[in-house]
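Participant: I'd like to ask you about the structure that follows.
Quick note: the coordinates plus some simple rules give every number you see, no bench work behind them. The structure presented is a predicted model; accordingly, all values stated were derived computationally and were not measured. Cβ placement follows ideal geometry from the backbone for every residue including glycine, while neighbour counts extend to all protein chains displayed.
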Amino acid sequence: MERPGVIFVIHGPNLNLLGRREPALYGTATLEEIDESCRSWGRERGIDVRTFQSNHEGELVDLVQQGGDEASGIVLNGAAYSHTSVALRDAVAAVAVPVVEVHLTNTAARESFRHRSLLTAVAAGLVMGFGPRSYLLALEALR
């Protein structure tokens with residue numbers, strides 16, 4: 001079932017702290033600024049970009065499932081759950097819409113436990129290392 005014109009952007013744990021959480025690593029943009037940038041990108045293209053954030057694994061699973069029902073694609077920054085959550089991985093695998101995995105930093109250049117994402121194998125694509133622009137690149141890929 002095609003749902004053109006709606007893309008979900010889902011942010012995982014601790015991303016609500018952007019702008020004050022390790023700014024040398026994650027930058028100074030806040031989550032609100034990133035969300036507004038994504039929504040503005042959508043408005044310019046006639047696409048309804050809906051943004052969500054949760055620190056709770058089960059809620060993220062629910063949002064991915066909801067996106068599978070309501071959106072034509074999902075941009076997902078699973079944050080730490082990208083590396084640990086089989087439940088989130090299975091939710092991505094279960095939806096019939098493309099999911100683009102996003103990370104603000106280049107996780108391959110960070111701590112070894114961040115080198116493997118459980119989401120990558122079931123995502124349509126991966127964008128990482130471009131800071132907040134990673135989200136816009138992912139949105140463009142879904143368009």
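Participant: Could you give every pair whose Cβ atoms fall below 6 Å, whose first residue belongs to the range 78-92 and is within 16 Å of Met128 (Cβ to Cβ), and whose second residue is acidic (Asp, Glu) and in a helix (DSSP H, G or I), counting only separations of at least 6 or pairs across chains?
Facilitator: Tyr81/Glu57
Participant: Now a separate question. Being in a helix (DSSP H, G or I) and over 12 Å from Ser54 (Cβ atoms) is the filter here; which residues of the range 67-85 pass it?
Facilitator: Gly67, Gly68, Asp69, Glu70, Ala80, Ser82, His83 - these are the residues of the range 67-85 that are in a helix (DSSP H, G or I) and over 12 Å from Ser54 (Cβ atoms).
Participant: Then there is this: Residues in the range 34-56: is at least one of a type in the set (Val, Ile, Thr), part of a helix (DSSP H, G or I) and either in contact with a His (Cβ under 9 Å, 6 or more places away or on another chain) or on the phi > 0 side of the Ramachandran plot (or both)?
Facilitator: Yes, some residue in the range 34-56 is of a type in the set (Val, Ile, Thr), part of a helix (DSSP H, G or I) and either in contact with a His (Cβ under 9 Å, 6 or more places away or on another chain) or on the phi > 0 side of the Ramachandran plot (or both).
Participant: Has the range 37-53 got at least one residue that is exposed (fewer than 15 other Cβ atoms within 10 Å of the Cβ), under 19 Å from Ala124 (Cβ atoms) and free of Cβ contacts under 8 Å to residues at least 40 places away in the same chain?
Facilitator: No: the range 37-53 contains no residue that is exposed (fewer than 15 other Cβ atoms within 10 Å of the Cβ), under 19 Å from Ala124 (Cβ atoms) and free of Cβ contacts under 8 Å to residues at least 40 places away in the same chain.
Participant: So, one more: Checking the structure you have, find out if any residue of the range 111-126 is among the hydrophobic types (A, V, I, L, M, F, W, C), in a strand (DSSP E or B) and surrounded by fewer than 21 Cβ atoms within 10 Å (Cβ to Cβ).
Facilitator: Among the residues of the range 111-126, at least one is among the hydrophobic types (A, V, I, L, M, F, W, C), in a strand (DSSP E or B) and surrounded by fewer than 21 Cβ atoms within 10 Å (Cβ to Cβ), which makes the answer yes.
Participant: The conditions are (1) surrounded by 13 or more Cβ atoms within 10 Å (Cβ to Cβ); (2) in contact with a Ser or Thr (Cβ under 9 Å, 6 or more places away or on another chain); (3) free of Cβ contacts under 8 Å to residues at least 40 places away in the same chain, and Arg20 fails exactly one of them. Which is it?
Facilitator: Just one mismatch for Arg20, condition (1).
Participant: Take Leu25 and tell me if it is under 18 Å from Val127 (Cβ atoms), part of a helix (DSSP H, G or I) and not polar (S, T, N, Q).
Facilitator: For Leu25, the condition - under 18 Å from Val127 (Cβ atoms), part of a helix (DSSP H, G or I) and not polar (S, T, N, Q) - is met.
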